[in-house]
Amino acid sequence: GSFFSPDSALSYMTFILLSSPCIAAISAMFKELGSTRKLLYALLWQTGFAYLSALLVRYLVLLLNKGMPMTTIIANVVVAALIISLVAYAIATLTKQSKEDSCASCSPKKGNACKGCQFADHCNKTIH
């Protein structure tokens, strides 16, 4: 058969529709979000969601059109679970607040900026 089939084309279109936009749009996202960490979080989320959606479309179409052996379905569920776990780990790592980031927002000029901060003790020792 050919490399592309109607079901793989539908899956590809799903990915392209949901994945990260062009570099100009990514640049605008960076400008709006204001940090590389938030941009990477957004790009990982968009790409992961697009991939999993395309995977779901592909296997739903295959399942409905041709049927699929149970071992293939189980293997794909395991792969999807691993991908979801990796994306969740990457998102958790990227969104983890560091002491340096917190201390940068604390300053004596802001008054009680450190109040309620999980790193308030560290900030008070290094800044105040």
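Some observations on this one:
- Packing rank of 24-36, 3-15, 52-64, where each peptide gets the mean count of other beta carbons within 10 Å, highest leading: 52-64, 3-15, 24-36
- Descending principal axes extents, segment 1-49, alpha-carbon based, whole Å: 47, 18, 12
- The apolar share of the surface of segment 1-87, taken as the fraction of accessible area on carbon and sulfur atoms (1.4 Å probe, ligands and nucleic acids excluded), comes to 75 percent.
The values are calculated or read from the model by the stated rules, or taken from the named source; none is laboratory data. Given the structure is predicted, the values throughout are model-derived calculations rather than measurements. Quick reminder, even Gly has a Cβ in these numbers, built from the backbone with ideal geometry, and neighbours come from all protein chains shown. Only protein heavy atoms, including side chains, enter the accessible area calculation; ligands, DNA and RNA are left aside. Shrake-Rupley method; radii C 1.70, N 1.55, O 1.52, S 1.80 Å.
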